[in-house]
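K.L.:
Sending over a structure as structure tokens; questions will come in a sec.
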Amino acid sequence: MNTIVKSLLDPNTCMTNIKNAAEIIKAGGLVAFPTETVYGLGANALDVEACAKVYAVKGRPSDNPLIMHITDEMTLGGIAKNVPDTAIKLMDTFWPGSLTVILQKDEAVKSDFDTVAVRVPKTMWARLLIHHAGVPIAAPSANLSGRPSPTTAAHVLEDLGGNVDMILDGGACDVGLESTVIDCSDGTPTILRPGAVTREMIEDLIGSVNMVYEVLGDEAPKSPGMKYKHYSPNARVTVVIGDTEKVAAKLEELASSSDKKTRVITAKDMGGNHEAIAANLFDILRQCDELGLGEVFIEGVEEEGLGVAIMNRLKKAASYNIIKV
Ligand code: AMP
Ligand code: MG
């Protein structure tokens, strides 16, 4: 298949490209498109065959459900039912944005699950694409399963070039990490994946919530995505956390005693503050592969606010190989 890459950055052609992409979605094809979190691999969420192609192209395990992307809260009808007040407050406040809400599924949606994950992306291009397609768009991250998520069109092309109909190029994603996932389908809301909408922001709005996003031992995961290894470069990753000076010394010590091609990556190298680190993280992990590194030693960040989401991705990239100093 020839993958067509179209830019969204020229206002003269942007709408034509979005409308052509919407036609591809309507016809059962696959379009990768930018959202503020990461690039999504889009298909008509109501077309079982189109969704099957998403799984095949990504190599995604079939028990890991897709997030449905919609244009606004008003289009939840026919998708979700028994939506609780807490979920409505969350959607009113954080949509459009980096929050995926899990709700009880309406019978009209055909899937093997009782629940459905929904999000309204902030990027206007993404909402225009959904609007013109006239259907909810299922869009997991547009990477091969297990690889770092894509934050540029080049990342998508690297993983999925030749296997998707079109890639819409809107430049680098603002946030750079996947959405926060919160389960509001039953009882106390539970955060299943940390993201840019932080626990503090959520609790300020709806009070105390649970947070279960790491699977330990043989526990059954509440979200299928939790159990899969993610975000990993080919290199072995070690994350070092603690006092900055001690971390710097430890990183150098580890790198000098390694017999592989190595690189030390400090928080400063990744952009310094949490927002910049989030935006750069997946690109940096991908660069490790381009450089053919055998081992990388990365400075962790404080697990506070957005730092929780950054550390979640880093820990997974490192297969929980963490050193505290
Ligand atoms: P991705 O599509 O790569 O951003 O990943 C979506 C995440 O949401 C995965 O971790 C999924 O397991 C999770 N997810 C999607 N739908 C559901 C659902 N109905 N119940 C629980 N987790 C879900
Ligand atoms: Mg993903």
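K.L.:
At 1.4 Å probe size, with no ligands or nucleic acids counted, give the accessible surface of Glu302 in Å², nearest ten.
P.N.:
Taking all protein chains as shown, Glu302 has close to 120 Å².
K.L.:
Using a 1.4 angstrom probe on heavy atoms only, work out the carbon and sulfur share of the accessible area of the stretch 138-208 in %. Could you put the intermediate results ahead of the total?
P.N.:
Numbers: 1010 of 2230 Å².
Using a 1.4 Å probe with all protein chains present, the stretch 138-208 comes out at 45 percent carbon and sulfur.
K.L.:
Take each of the peptides 64-72, 245-253, average the number of other beta-carbon atoms within 10 Å over its residues, and list them starting from the highest.
P.N.:
Peptide ranking by packing, descending: 64-72, 245-253.
K.L.:
Where nothing but the Cβ of Lys and Arg (+1) and of Asp and Glu (-1) is charged, how large is the charge dipole of the chain around its Cα centre, in debye to the nearest 20?
P.N.:
With Lys and Arg at +1 and Asp and Glu at -1, about 640 debye.
K.L.:
Now for a separate question. Using the Karplus curve 6.51 cos²θ - 1.76 cosθ + 1.60 with θ = phi - 60°, what ³J(HN,Hα) values do you get for each residue of the stretch 120-130, in whole Hz, with x for Gly and Pro?
P.N.:
10, x, 7, 4, 4, 4, 5, 5, 5, 4, 5
K.L.:
Heavy atoms only, probe 1.4 angstrom, no DNA, RNA or ligands counted: give me Leu157, Leu76 ranked by accessible area, highest first.
P.N.:
Values: Leu157 80, Leu76 15 Å².
From most accessible down to least: Leu157, Leu76.
K.L.:
What nm distance separates the two modelled labels at Thr244 and Gln287, each placed 7 Å from Cα along Cα→Cβ?
P.N.:
About 2.0 nm, to one decimal.
K.L.:
Now, a different point. Would you list which lysines come within 18 Å of Lys324, measuring only between C-alpha atoms, while excluding same-chain residues fewer than 8 positions from it?
P.N.:
Here the lysines satisfying the reach criterion relative to Lys324 are Lys246, Lys250, Lys315, Lys316.
K.L.:
What are the ³J(HN,Hα) couplings of the stretch 195-210, residue after residue, when phi is run through the Karplus curve with 6.51, -1.76, 1.60 and θ = phi - 60°? Round to Hz, x for glycine and proline.
P.N.:
With the stated coefficients, the stretch 195-210 comes to x, 5, 8, 8, 4, 4, 4, 5, 5, 4, 8, 10, x, 4, 10, 8 Hz.
K.L.:
Return the long-range amide H neighbours of Thr115 (sequence gap of 5 or more, or a different chain), with a cut-off of under 5 Å between placed amide H atoms.
P.N.:
Lys105
K.L.:
A further question on this structure: Which entries in the list Lys58/Lys222; Lys19/Lys110; Lys53/Lys122; Lys105/Lys222 go over 20 Å, if you measure between the two C-alpha atoms of each?
P.N.:
Flagged as over cut-off: Lys58/Lys222; Lys19/Lys110; Lys53/Lys122.
K.L.:
Where the accessible area of the stretch 239-286 is counted over protein heavy atoms with a 1.4 Å probe, how much of it, in %, is carbon and sulfur?
P.N.:
47
K.L.:
I'd like the Karplus ³J(HN,Hα) series for the stretch 108-116: coefficients 6.51, -1.76, 1.60, θ = phi - 60°, whole numbers in Hz, and an x wherever there's a Gly or Pro.
P.N.:
5, 8, 8, 7, 7, 10, 7, 10, 9
K.L.:
Starting from the amide H of Ile323, placed 1.01 Å from N in the peptide plane, find each other amide H under 5 Å away whose residue is 5 or more places distant or on another chain.
P.N.:
Excluding prolines and chain starts, which carry no amide H, the hits are Val239, Val240, Ile241.
K.L.:
Which trypsin sites (Lys or Arg not before Pro) in the stretch 37-144 sit in a loop by DSSP (not H, G, I, E or B) and have at most 12 other Cβ atoms within 10 Å of their own Cβ? It would help to have the intermediate numbers written out before the result.
P.N.:
On the way: sites: Lys53, Lys58, Lys81, Lys89, Lys105, Lys110, Arg119, Lys122, Arg127; in loops: Lys110, Lys122.
The qualifying sites are Lys110.
K.L.:
Classify the stretch 62-203: rounded, prolate or oblate, from the alpha-carbon gyration tensor (a ≥ b ≥ c, eigenvalue square roots; a/c under 1.5 rounded; otherwise prolate if a/b is larger than b/c)?
P.N.:
prolate
K.L.:
A follow-up question, please. Under 15 Å from the Cα of Lys81, which aspartates and glutamates turn up, not counting those fewer than eight places away in the same chain?
P.N.:
Glu73, Asp106, Glu107, Asp114, Asp183, Asp186
K.L.:
Shifting gears a bit: Rolling a 1.4 angstrom probe over the protein heavy atoms, how many square angstrom per residue are accessible across the chain?
P.N.:
Here the per-residue accessible area is 43 Å².
The values are calculated or read from the model by the stated rules, or taken from the named source; none is laboratory data. Worth saying up front: this structure is predicted, and the values here are computed from it rather than measured. Heads up, the Cβs are rebuilt from the backbone with ideal geometry, glycines too, and the neighbour counts pull from every protein chain shown. Please note that ligands, DNA and RNA were not included when accessible areas were found on the heavy atoms of the full protein model with its side chains. Shrake-Rupley method; radii C 1.70, N 1.55, O 1.52, S 1.80 Å.
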